[in-house]
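Shown next, in structure tokens, is the structure this report addresses.
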Amino acid sequence: MKPVKLAPSILSCDFSRLGEEIRAAEAGGADWIHVDVMDGHFVPNITIGPVITEGARRVTGLPLDVHLMIEAPERYLEAFAKAGADSLTVHQETCPDLAATLAQIRSLGVRAGVAVNPDTPVESIRAVAADLDLLVIMSVQPGFGGQKYIDGSTDKIRRARALLDEVGGRAELEVDGGVDASNAAAVAAAGATVLVAGSAVYAHPEGAAEGVRAIRKALQA
Ligand code: DX5
Ligand code: ZN
């Protein structure tokens, strides 16, 4: 069993010190950096785009796991690939032709992911599941960091794991939202291979490095 990867979300970091905050997560043992992109249309919040992604690219060699919570993401795939994204995750809810959008991501030489919101059945992505590099289960309603993990998500993670195994998919199974040291082990036990954590890392009283270490310790307990 591969060790579970930790992907701190910079949404919850102090953006006046973005470089330091990314380096701190890396020092704490982060595997990926999760970049939450929001357009104020698909979700009510507006956050960051290709320019900040490019800034993150300049300060870390860790894979940039870019999460596109935006309408019509196909318009921006190239810009994020050029900015240095290693994976681009689009939402099932924003892609009328999901297979085509995922193929477009792959044609840019970037790993292709799809995210499903809490109310979207994981079955909805069965047709593309075998070819995914990343399947993201949203365990909060997208839009903001610091929300509470939705309890029903753990069963959904198990269903997603079963679906990926059934279709022989190789995708990483990422869980995104409300993950912290108190639920990380249960989320991993349900089949997650990548845990996103924003506020649990960046609101940690001893800083982001300790925040990452605390989740890692909880996984090893
Ligand atoms: C929510 C984002 C999540 C969020 C995670 O829309 O997709 O990545 O930033 O933050 P926490 O871990 O604080 O829920
Ligand atoms: Zn996210």
Exercise for review: Please work out the ratio of the alpha-carbon Rg of the range 109-152 to 2.2 N^0.38 Å and round it to two decimals.
Suggested key: 1.29
Review point. In vacuo Debye scattering of the chain, one point per C-alpha: log10 I(q)/I(0) at q = 0.08, 0.16 Å⁻¹?
Key: -0.24, -1.04
Check your understanding: Taking a quarter of the surface of the Cα convex hull of the range 167-220, what do you get in nm²?
Key -> 4.0
Check your understanding: Over what distance in Å are the Cα centres of the range 1-62 and the range 98-169 separated?
Key -> 19
**Study point:** Segment residue 130-residue 41, extension gain: residue separation times 0.36 nm, minus the distance between their alpha carbons
**Key:** 29.1 nm
**Study point:** Where the chain is the region considered: accessible area per residue in Å², 1.4 Å probe
**Key:** 41
Revision key, fill the gap. From DSSP H assignment alone, runs of 4+ in the chain each adding -39500 (n - 2.57), the sum over residues rounded to the nearest 500 puts [θ] at 222 nm at -10000 deg cm²/dmol
Point to revise | At most 15 other Cβ within 10 Å, DSSP loop - trypsin sites (Lys or Arg not before Pro), the range 147-182 | key: 148, 170
Study note, to complete from the structure: Projecting the Cα atoms of 128, 46, 33 onto the charge dipole of the range 24-132, where Lys and Arg contribute +1 and Asp and Glu -1 at Cβ, the residue farthest towards the positive end is 33
Study note, to complete from the structure: per DSSP, antiparallel bridges as share of beta bridges in the range 5-220, % nearest 5, sits at 5
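The values are calculated or read from the model by the stated rules, or taken from the named source; none is laboratory data. None of these values were measured; they are calculated from a predicted model. Heads up, the Cβs are rebuilt from the backbone with ideal geometry, glycines too, and the neighbour counts pull from every protein chain shown. For the accessible areas, the whole protein counts, side chains as well, though only heavy atoms, and no ligand, DNA or RNA atoms are used. Shrake-Rupley method; radii C 1.70, N 1.55, O 1.52, S 1.80 Å.
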